[in-house]
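Read through the structure below, which is laid out as structure tokens, and then see the notes.
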Amino acid sequence: MAEARRLLWLAAVACWAAAGARADPQVPCYFIFGDSLVDNGNNNYIVSLARANYPPYGIDFAGGPSGRFTNGLTTVDVIAQLLGFDYFIPPFAATSGDELLGGANFASAAAGIRAETGQQLGGRIPFAGQVQNYQTAVATLVSILGDQDTASEHLSRCIFSIGMGSNDYLNNYFMPAFYNTGSRFTPEQFADALIADYRRYLQVLYSYGARKVVLIGVGQVGCSPNELARYSADGATCVGRIDGAIQIFNRRLAGLVDEFNALPGAHFTFINAYNIFADILANAASYGFTVTNAGCCGVGRNNGQVTCLPYQAPCANRDQHIFWDAFHPSEAANIIVGRRSYRAQSPNDVYPMDISTLASI
């Protein structure tokens with residue numbers, strides 16, 4: 001059943017791609033900021049332990065291992081297809097010149113809102129660095145389009161999506177062996193500090209032309225195989241103190257939407273990835289999932305103590321697993337999250353609008 005659903009979805013995507021070859025996408029460009037949930041190859045070009053350009057990553061992706069931290073499509077791949085693009089938005093590290101007119105993916109695995117987040121994994125491009133890369137891209141666009149006003153008009157019609165914060169909890173606040181933030185800040189104080197930085201980077205993006213902006217909340221990190229393996233007594237009950245801290249951050253992030261929508265021409269929206277994922281976990285069987293607490297590829301308890309190793313044999317029933325590895329969702333889960341981000345299934349999925357509505361403004 002799950003495999004049949006996946007094939008139907010991929011067939012539909014192929015049809016949309018074919019249509020996209022004959023018609024313009026709903027927006028002229030799509031710019032992506034984030035971490036390993038949406039990195040599609042930027043970390044391939046830096047010295048880092050946070051890389052996924054080896055098998056079995058990409059086992060279900062047409063191009064094989066690409067740097068995506070899953071077996072197939074990421075959520076932003078799905079969103080790009082639904083927006084009508086007939087190609088995947090390329091990583092900024094491999095994009096130049098006129099290619100930037102269609103957007104770029106600046107995401108970097110292990111990256112966080114805070115500069116130090118993920119440093120134990122080596123190289124990564126934190127939120128500040130991703131914003132700097134975007135500023136570089138804007139300078140190129142101004143050069144291509146001839147003047148700043150034309151570039152600003154072009155950018156005002158683009159979609160921008162930002163999914164940051166997971167690593168600030170996973171690879172910082174709840175990693176006391178490497179970071180002292182967990183003892184220096186209460187969960188409320190840490191969320192406030194993250195939001196202060198987030199706000200500053202959004203202000204830069206707005207000043208550089210971003211008007212249609214999607215803020216993607218942090219999902220249920222406390223339900224990932226790695227955190228279950230580390231902290232869950234039964235290996236199935238999500239880690240409440242982690243998810244509780246994340247919910248504090250998400251509430252503050254949603255508050256930024258109203259703040260920025262007071263600016264001229266701004267259309268910001270919040271994707272409640274936490275609630276979408278909670279629904280998938282709570283109703284796993286109805287989505288075709290049979291394994292909710294273990295990675296399809298990994299080592300140890302919950303296949304989550306060590307993430308998927310190079311050339312390791314993954315599970316055969318990948319579409320029945322919510323998680324691909326110790327940390328990242330499977331393509332099957334990403335398709336659900338991407339589709340509900342684009343067109344909300346529940347009023348709780350988005351605030352105040354879904355991406356399809358944002359694109360039409």
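The table below gives the values:
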{"quantity": "Restricting the range 126-153 to residues that are without any contact (Cβ under 8 Å) to a residue 40 or more places away in the chain and open to solvent by less than 50 Å² (accessible area, probe 1.4 Å), the residue that is farthest from residue 48 (Cα to Cα)", "calculated": "142"}
{"quantity": "Long-range neighbours under 6 Å by Cβ, at least six apart or interchain, first residue within 21 Å of residue 168 (Cα to Cα) within the range 193-210, second outside any helix (DSSP H, G or I)", "calculated": "194/113; 197/113; 198/113"}
{"quantity": "Boolean, residue 44 is at pLDDT 95 or above, outside any loop (DSSP other than H, G, I, E, B) and open to solvent by 20 Å² or more (accessible area, probe 1.4 Å)", "calculated": "yes"}
{"quantity": "Residue 263 modelled with pLDDT of 95 or more and part of a loop (DSSP other than H, G, I, E, B)", "calculated": "yes"}
{"quantity": "The range 154-180 - residue that is part of a helix (DSSP H, G or I) and of a type in the set (A, V, I, L, M) and, of those, most open to solvent (accessible area, probe 1.4 Å)", "calculated": "170"}
{"quantity": "Pick from the range 57-72, criterion touching a residue at least 24 places away in the same chain (Cβ under 8 Å) and open to solvent by less than 10 Å² (accessible area, probe 1.4 Å), ranking: nearest to residue 110 (Cα to Cα)", "calculated": "67"}
{"quantity": "In the range 267-283, the residues that are of a type outside the set (Phe, Trp, Tyr) and open to solvent by less than 10 Å² (accessible area, probe 1.4 Å)", "calculated": "269, 271, 276, 280"}
{"quantity": "Residue count, the range 73-89 (criterion: part of a loop (DSSP other than H, G, I, E, B), open to solvent by less than 40 Å² (accessible area, probe 1.4 Å) and not β-branched (Val, Ile, Thr))", "calculated": "4"}
{"quantity": "Selection within the range 209-252 - in a loop (DSSP other than H, G, I, E, B), open to solvent by less than 60 Å² (accessible area, probe 1.4 Å) and more than 16 Å from residue 277 (Cβ to Cβ)", "calculated": "209, 210, 211, 232, 235"}
{"quantity": "Yes/no for residue 255 being in a helix (DSSP H, G or I), surrounded by 20 or more Cβ atoms within 10 Å (Cβ to Cβ) and either aliphatic (A, V, I, L, M) or under 21 Å from the mean Cα position of the chain (by Cα) (or both)", "calculated": "no"}
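The values are calculated or read from the model by the stated rules, or taken from the named source; none is laboratory data. Note that the structure is a prediction, hence the values are computed from the model and not measured. Here Cβ is always computed from backbone atoms with ideal geometry, including for glycine, and neighbour counts include all displayed protein chains. What goes into the accessible areas is simple: the full protein's heavy atoms, side chains included, and nothing from ligands, DNA or RNA. Shrake-Rupley method; radii C 1.70, N 1.55, O 1.52, S 1.80 Å.
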